[in-house]
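A short write-up of the structure that comes next.
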Number of protein chains: 2
Amino acid sequence: MVLEAAAELDNEPTGSGSAEHAHTAAWIATVLRGRIAAGELTPGSKLSEQSLSTALGVSRNTLREAFSTLAGESIVTRIPNRGVFVASPGAEEVREIYRVRRMIEPAAALWGEVTPEVLENMGAIVRRAQAARDAGSVPDMADANQALHSAVVGLTGSESLRTLMDRVLAEMRLVFYAMASAPDFHSHYVDRNVQLVERLRAGQRDEAAAGLRAYLDSAEAELLGHLADEASQDVTSQGTR
Amino acid sequence: MVLEAAAELDNEPTGSGSAEHAHTAAWIATVLRGRIAAGELTPGSKLSEQSLSTALGVSRNTLREAFSTLAGESIVTRIPNRGVFVASPGAEEVREIYRVRRMIEPAAALWGEVTPEVLENMGAIVRRAQAARDAGSVPDMADANQALHSAVVGLTGSESLRTLMDRVLAEMRLVFYAMASAPDFHSHYVDRNVQLVERLRAGQRDEAAAGLRAYLDSAEAELLGHLADEASQDVTSQGTR
DNA sequence: GTTTAACGGATTGTTCAACAATTATTCATC
DNA sequence: GATGAATAATTGTTGAACAATCCGTTAAAC
């Protein structure tokens, strides 16, 4: 049965010119990154070197190299002599996430370069979010929300900050995956995002930044509250399996 | 003839167990990081897998794993089928560095948590910088300067932001190493740093942030100007060794 | 019956040797 | 002096091997 999975996971959309696996390790890293982001590999689950190497059709050494880069992105946690696990962020990680966001996002709103194209893009995103809310699609709402905040950081024009933000948003996704009951977390924030874009469009930078900080504060509080609820509700909180 | 960057380093790792080999790859990564930071491995120099693995007493595979993490920190650049090289940042990288700093540092000054201990620490740092300036020690001045700005980011309380800033400062060091003639870059900024700390102490957050942005603007301009000078002076830009 | 000790299996950490693929270098040829 | 083929050197990747460590189970001791 294991071998079955091996052949099965021979992914790679071969359609258009497959990106030469120039550097297989990097390729494997992106594959795993995608799989974690897609929720196929849930937080806390162990990534066995043997299983994965055969499943992906690469050697253990190459896989380990990929693990090194993923660990550097803190997408994955490495416990010496125990193995690597999909990161499963808790309350402390959530606080750290918002510490970062509370600095970068308002800074971008205050000092970033707001161009008409970016505003147009943001407008499209908030419309998408509104449509998703009307349709009741939580995942689409979450996507749009993350896209908007990623775009906000994009105002900085900095690749590094964008990368950091994307990492942080990926971690957020893990937080949601790790929650048993997904609350309707995003719907109340759609309007705030609309307001944010309006302020940016109107050139009200200070108000935009202040609003962002307030938004981030309440979002963090809500998330932490939910996490605390779940922790108290589920006593034996050790691993889904 | 090839005067490869042959690191003559007798490494006796198995001696009296220094640091736990808990993960040799990580250990090797820190060793290389330190050596690059110390200027022993200069920007652009090639890190041969064979030479380094024997010099450090580890296998090529383990070394490669270390390379992966260093590449993730962009301390090192990997060119497929060519090898890994110590990063040698140019003008574009400098612009990116300041893009990041211009967001993070003022944000930290504006919204970070300024405690008496941190202020005390910053005070000590600026005094160190002043002493270094009086003594005419450029390296000490550079160290103090970087320490101060690292401390500023420390105001955010965020580990991720601190890490990002440290990475950025490490890249700055590489920029300096890559410059043939090291200009007296830091001395004019000592007083600005004094002023910054004073403003933070006085609770003048807005002024501190604005001053920081102005400082970063002029520092970037000066650095870029110097880089341009050197580039026009030295036609053969490629070829450190 | 509970705690402790020992054993065995499984997995990670690391090395080594090998080979394909690519790049760099040498050398003969025009 | 350029051109291009032959050759050497390096990287990319694999597979097997072994030590070290952890985990669960069994055996022993109190």
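The values are calculated or read from the model by the stated rules, or taken from the named source; none is laboratory data. Everything quoted here is computed from the prediction, not taken from an experiment. Here the Cβ positions follow ideal geometry from the backbone for every residue, glycine too, while neighbour counts run over all protein chains shown.
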Qualifying positions in the range B:101-142 - within 11 Å of another protein chain (Cβ to nearest Cβ) and part of a helix (DSSP H, G or I): B:Arg101, B:Arg102, B:Met103, B:Ile104, B:Glu105, B:Pro106, B:Ala107, B:Ala108, B:Ala109, B:Leu110, B:Trp111
Residue check, A:Gln195 against (1) more than 30 Å from B:Glu96 (Cβ to Cβ); (2) within 11 Å of chain B (Cβ to nearest Cβ), all met but one. Which one? (2)
All but one of (1) within 16 Å of DNA strand C (Cβ to nearest atom); (2) of a type in the set (Gly, Ala, Ser); (3) over 12 Å from B:Leu32 (Cβ atoms) hold for B:Ala91; state the number of the condition that does not hold. (1)
Meets criteria (out of contact with any Lys or Arg (no Cβ under 8 Å at 6 or more places or on another chain), among the aliphatic types (A, V, I, L, M) and either modelled with pLDDT of 95 or more or not in a helix (DSSP H, G or I) (or both)) for B:Val175: no
Which of (1) within 15 Å of DNA strand D (Cβ to nearest atom); (2) over 26 Å from B:Arg78 (Cα atoms); (3) at pLDDT 95 or above does A:Leu3 not meet, given it meets every other one? (3)
Mind counting the residues in the range B:25-45 that are near DNA strand C (Cβ under 10 Å from one of its atoms) and not in a helix (DSSP H, G or I)? 0
Kindly list, by first and then second residue, each pair from a residue in the range A:116-138 that is under 17 Å from A:His188 (Cβ atoms) to a residue that is of a type in the set (D, E, K, R), limited to pairs with Cβ atoms under 6 Å and residues at least 6 apart or on different chains. A:Ala132/A:Asp140
Filtering the range A:70-86 down to residues that are facing another protein chain (nearest Cβ under 8 Å) and more than 12 Å from DNA strand D (Cβ to nearest atom), which residue is nearest to A:Ser45 (Cα to Cα)? A:Arg78
How many residues of the range B:50-69 are β-branched (Val, Ile, Thr) and more than 13 Å from DNA strand D (Cβ to nearest atom)? The answer is 2
Which condition number in (1) under 17 Å from B:Val168 (Cα atoms); (2) buried (at least 22 other Cβ atoms within 10 Å of the Cβ); (3) within 11 Å of chain A (Cβ to nearest Cβ) is the one that B:Ile36 fails? (3)
Can you tell which of B:Ser187, B:Ser181, B:Ser158 is over 15 Å from the mean Cα position of the chain (by Cα) and surrounded by 19 or more Cβ atoms within 10 Å (Cβ to Cβ)? B:Ser158
Give all pairs with beta carbons closer than 9 Å in which a residue from the range A:26-46 that is free of Cβ contacts under 8 Å to residues at least 24 places away in the same chain meets a residue that is more than 15 Å from DNA strand D (Cβ to nearest atom) and assigned to a helix (DSSP H, G or I); count only pairs at least 6 apart in sequence or on separate chains. A:Glu40/A:Gly34
Checklist (1) buried (at least 17 other Cβ atoms within 10 Å of the Cβ); (2) under 22 Å from the mean Cα position of the chain (by Cα) applied to B:Arg199, failing item: (2)
If I filter the range B:145-167 for residues that are farther than 16 Å from A:Arg102 by Cα and within 10 Å of chain A (Cβ to nearest Cβ), do I get at least one hit? yes
Of the conditions (1) surrounded by 15 or more Cβ atoms within 10 Å (Cβ to Cβ); (2) at pLDDT below 50, the single one that B:Thr42 does not satisfy is (2)
Run down B:Val138, B:Val152 and say which single residue is at pLDDT 95 or above, at negative phi and over 14 Å from the mean Cα position of the chain (by Cα). B:Val152
